[in-house]
Amino acid sequence: MLLIRNNLREVTEQLPAAVKLVAVSKFQPLESLQQAYAAGQRRFGESRADELAAKAAAMPDDVEWHFIGHLQTNKVRRVVAHASVIESVDSLRLLQAISNEAEKSGKVMRVLLQVHVAAEETKTGFLPEELSDAARVACSLPGVEVIGIMGMATNTDSEERVSEDFRTIAELGKTLRSITPDAAEISMGMTGDWSLAVEAGATIVRIGSGIFGSRPPKSV
Ligand SMILES: *Cc1c(COP(=O)(O)O)cnc(C)c1O
């Protein structure tokens, strides 16, 4: 019972006060989220629209939900209804769909543009050379507000490579700010690499297994 509380305390003690913690609760049972909430955590990360909707309905209203998974356009409505921030915007089509849905419900959706800098082909996101165009499109859409950038480092044991990826993401954050100066958030770093991300300038870290323990297997 105390494990989640202790893990949270350990992370928050090491995290600079200005860096926001997203507790990545995807695939975790509701009781785990409730324990984190009872320990004071208010910002949670989910990667599936249906799971986000179910958990948002069951958790208190003051939770700030960050959507961090690959989002299909047919699930956008559900996510716009519940998320405070969509961190994983990885295509112009998705940007447009989010803006349309947000407009319909009379809100402006805060988003991060996800960039792909890691070596793995499977990861999604805008390529560095696509970022400026994506930022300009985002700025022209009435239903979205770009507040920053999100990225992942290569999955490797090489701390050097991971740090290099994080520095690249932070540089891309500057590119983004040259187009839209208020978009200052840099979301990077997970359980295994968040301290390197903070060193490289992260303003948001997304930590899952380091808080909740290992995830139950995916249910697909
Ligand atoms: C699952 C996930 C995380 C958290 O991963 P951990 O290694 O459990 O901390 C962070 N970011 C994204 C985008 C994820 O999908």
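The values are calculated or read from the model by the stated rules, or taken from the named source; none is laboratory data. Quantities reported herein were computed from a predicted structural model and do not represent experimental measurements. Virtual Cβ from ideal backbone geometry, glycine too; neighbours counted across all protein chains shown.
Listed here are the residues, each with its yes/no results for (1) under 21 Å from the mean Cα position of the chain (by Cα); (2) over 17 Å from Ile68 (Cα atoms); (3) away from the ligand (no atom under 11 Å from the Cβ).
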position: Ile4; (1), (2), (3): yes, yes, yes
position: Leu8; (1), (2), (3): yes, yes, yes
position: Gln14; (1), (2), (3): yes, yes, yes
position: Val22; (1), (2), (3): yes, no, no
position: Pro29; (1), (2), (3): yes, yes, yes
position: Ser32; (1), (2), (3): yes, yes, yes
position: Ala36; (1), (2), (3): yes, yes, yes
position: Arg43; (1), (2), (3): yes, no, yes
(request) Kindly list the number of the only condition in (1) within 16 Å of the ligand (Cβ to nearest atom); (2) modelled with pLDDT of 95 or more; (3) of a type in the set (Val, Ile, Thr) that fails for Thr124. (result) (2)
(message) For a quick check of your reading: which helices (runs of 4 or more DSSP H) sit entirely within segment 143-220 and have at least 3 residues that are away from the ligand (no atom under 14 Å from the Cβ) and at negative phi?
(response) 159-179
(message) Between a residue in segment 147-169 that is free of Cβ contacts under 8 Å to residues at least 40 places away in the same chain and any residue that is within 13 Å of the ligand (Cβ to nearest atom) and among the hydroxyl-bearing types (Ser, Thr, Tyr), which pairs come within a Cβ distance under 8 Å, given they are 6 or more apart or on different chains?
(response) Ile149/Ser187; Gly151/Ser187
(request) With the condition kept exactly as written, say whether any residue in segment 102-116 is modelled with pLDDT of 95 or more, in a helix (DSSP H, G or I), surrounded by fewer than 21 Cβ atoms within 10 Å (Cβ to Cβ) and not hydroxyl-bearing (Ser, Thr, Tyr). (result) yes
